[in-house]
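Take a look at the structure below.
The numbers here are math on the coordinates, done by the rules we state, and not lab data. Just so it is clear, the model here is predicted, and its values are computed rather than measured. Every residue, glycine as well, gets a Cβ built from its backbone with ideal geometry; the counts of neighbours run over all protein chains shown.
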Amino acid sequence: MPEEGTEKSRKKGFFSRLFSGLTKSRNSIGSGIERAFTSYDRIDEDFYEDLEETMIMGDIGIKATDQIMEKLRAQVKEQKIKDPGLCKGLLIHNIKEQMAVDAHAYDFEHGPSVVLVIGVNGVGKTTSVGKLAGIYRDEGKKVIIAAADTFRAAANEQLSAWAQRAGVDMIGAPEGSDPASVLFDAVQAAKARHADILLVDTAGRLHNKKNLMAELGKIDRVISREWPECMRENLIVLDGTTGQNALAQAREFNGAAHLTGIILTKMDGTAKGGIAIAIQSELGIPVKFIGVGEKMDDLQRFQPDDYVDALFGVGETQT
Amino acid sequence: MAFENLSEKLNHIFRGLRGKGKLSEADVRSALREVKMALLEADVNFRVVKQFIGSVQERAVGSEVMNGLNPGQQVIKIVDEELTKLMGSEMTEISFQPGKAITVIMMCGLQGAGKTTTAAKIAAKVTKKGKKPLLAALDVYRPAAIRQLQVNGEKVGVSVFSMGDDHRPADIARAALEHAQKNHFDVVILDTAGRLQIDDEMMQELVDIKEAVDVHQTLLVVDAMTGQEAVNVAESFDQRVGIDGVILTKLDGDTRGGAALSIKAVTGKPILFVGMGEKLEDLEPFYPDRMAGRILGMGDVLTLIDKAQANLTAEDEEKSRDMASRVRKGKFDFNDYLESMKQMRRMGGLGSILGMMPGMGISREELEGQIDEKKIAHLEAMVLSMTPEERANPKLLNPQRKYRIARGSGNDIASVNRFIKQFEQMQKMMKQMGGLGGRKKHGSPFGGFGGFGGAGRKGGFPF
């Protein structure tokens, strides 16, 4: 069982990284909450206010924080909870429940499917595409990468380095060509070569640039038109350090190309990442993958329980 | 959310308080609560917000409400001034070494902040200043990072020095400097790899580079969309490596950019430039005042406040005071009407003022459709066609005089009748409002812009 062994150690490595990565989150959110829960001997307005502040510090955002708090208050009242400590369990439970990923969330992995990876500049789209390619290749799937970032200097080279590392084919085009035409070619290639998954890397675009968002809409339509029977997955990549603007990003990208999930990156250094909770609560888009480092296997399926526990410092003492 | 931005919220809070001359502690506290929320929504770090609110509170309580502003706007004015002060009141530039000495600039920051792009932008900028820059590729980790710098360097016509990806960055830096000396470059820009501030090994690498070569300016590149984390990033980089300035990128997005304030507050280091786009010339100087307005989410209201300040002269103030007392007595006549129109025009016309007032709850485009500046010009022409006696005493206007006014102003008699009727109604309304008393001692003709907003909705002015 050597395979199982490596799988296990890899998994352990990943979560220890998530933990080490989220140390700072824990220190800010977790310890803040810890403080809030221990320095109060009863539940009063100061207690709630302190909680609210700590959550805002975690980039969860005012609206999501309000909703979470409202629910918590109602539950505390209904269940006649008096102990601030019990509140913590309840709060964590609520957030876990909210962040739960649907059972069919990863159906697209069985293929044939097109995974469109989109987002603003510098969030880690190309790296995420490279990592996903490696993961699916390791699972024995036939993967093709489409390099539809025809704008940024050397984006093609960066992606082809990843493609080589992962050992998969890449369909590209010279800088400055129409990304939709790259997609057209890539879809034909994916069909001809019987690919399971076509991963599409796109150029970073700020969500308030109308033309670029329209371009994205066109890419999305070309896929649907050229390969109507394939499964579709549109993943937005969000930088874990991003604040409230990530909400606007998710909203706008969702408008241009219906989003099915989030890849939350750079979670090895960010203190917060609470914006994921805000987005799930406001737009109902689930986090599907989480990135905690630069190595190939530092991108994994999102585990709400581990994430929320790590965020709030639960289980730290066990490990 | 019921209220889209801060000024709307503040207008709502102060709706009942329009007549006050001074800001009370309670007023300030409720206003600052909203300011606090606005700053948090803009991603300003919580600790920074708390400190900031404290200092504003101190200054705002008991301050006099300026002529032409309502209490909400007065609070905003103070907040804005303090914000601008905090962010540095003047623009700063990259400082170069004297004479022919080589200036070494090192870029650093998290992954994806935009270091490579910004390095090329700075190279382009210093070229315009008559310098000869050299870009050095020190990112030996990210695939194709060197290639990206080369392509960008080519685009801006700047040489790129690289040694591939199997040398230590500190060695590359040293070699780049030698290369620059030999080939008479006078600015060397080191493009380093993105790194996390908690990655000790990688942070040490930056320290090593600084030990290998004399770095004159270490610039931290930060994504303007960064959330609460901005403080940790800036603090760590500053403490561990030492930074001299900050560049804020991706500000062409719709982020409010609270990170700017957080970083300035914790490091005290100036923000030198802001990245405004993907083109290599899109690097702009940083204007603290504009950033303040953006963080508050109300640049337009600040512009309005500015205009009110700049355009209402002492003479205007005298007139307004006079007019206000006449309004109270119900003696508002066509001369006053003309005067208020003049004042309004000095502030950029009605459309621009209404557009700047968030309380109106209508968009600028809608406004442009609804308010016809031409129609107002017609009304003004009618007033100008009246004799001084008629303007002072509207009761003189008999049908004959009205006919003359219509002809003189190029309108038909029906429009003149409508205008005069509306004017009379307005007079009546003003008398009622005046009777309620409690108006501010020296109110503007609009009774504070907030007041004008309200009156406008009820159709106070005849347009």
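Data for the structure
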| quantity | calculated |
| --- | --- |
| Sorted by Cβ neighbour density within 10 Å, fewest at the top, the residues A:107, A:169, A:59 | A:107, A:169, A:59 |
| Residues residue B:342 and residue B:171, FRET efficiency given R0 of 60 Å [Cβ-Cβ distance, rounded to 0.05] | 0.30 |
| The stretch B:130-229: chymotrypsin sites (Phe, Trp or Tyr not before Pro) in DSSP loop, at most 16 other beta carbons within 10 Å | B:141 |
| For a label point 7 Å along the Cα-to-beta-carbon line of residue A:78, residues of the stretch A:43-57 with backbone N under 20 Å | A:43-44, A:48 |
| Too-long pairs where the Cα-Cα distance tops 23 Å, listed order kept, from B:395/B:421; B:375/B:421; B:50/B:264; A:266/B:125; B:77/B:374 | A:266/B:125; B:77/B:374 |
| Full-extension gain in nm, residue A:94 to residue A:218, via 0.36 nm per residue minus C-alpha separation | 40.8 nm |
| Rounded FRET efficiency, nearest 0.05, which uses the C-beta distance separating residue A:107 from residue A:42 and R0 of 35 Å | 0.15 |
| Proxy reagent accessibility, fewest Cβ within 10 Å first, across B:421, B:100, A:142 | B:100, B:421, A:142 |
| The stretch A:219-290-the stretch B:113-161 distance, computed between alpha-carbon centres (Å) | 31 Å |
| FRET efficiency, 1/(1 + (r/R0)^6) with R0 35 Å, evaluated for residue A:70 and residue A:258 via beta carbons | 0.75 |
| Footprinting exposure proxy for B:216, A:194 (fewest neighbouring C-beta atoms within 10 Å first) | A:194, B:216 |
| Estimated distance in nm for a label pair at residue B:235 and residue B:63, the labels positioned 7 Å out from Cα along Cα-to-Cβ | 2.8 nm |
| Inter-site label distance for residue B:377 and residue A:210 at 7 Å from Cα along Cβ, in nm | 2.8 nm |
| Loop-located GluC sites (Glu not before Pro) in the stretch B:86-179, at most 14 other Cβ atoms within 10 Å (DSSP) | B:90, B:93 |
| Filter on A:209/B:85; A:88/B:36; B:128/B:269; A:209/B:250; B:155/B:210; A:96/A:288 - keep pairs with C-alpha separation over 20 Å | A:209/B:85; A:88/B:36; B:128/B:269; B:155/B:210 |
| Signed unit charges on C-beta, dipole axis of the stretch B:134-207, positive-most listed residue B:157, B:175, B:194 | B:157 |
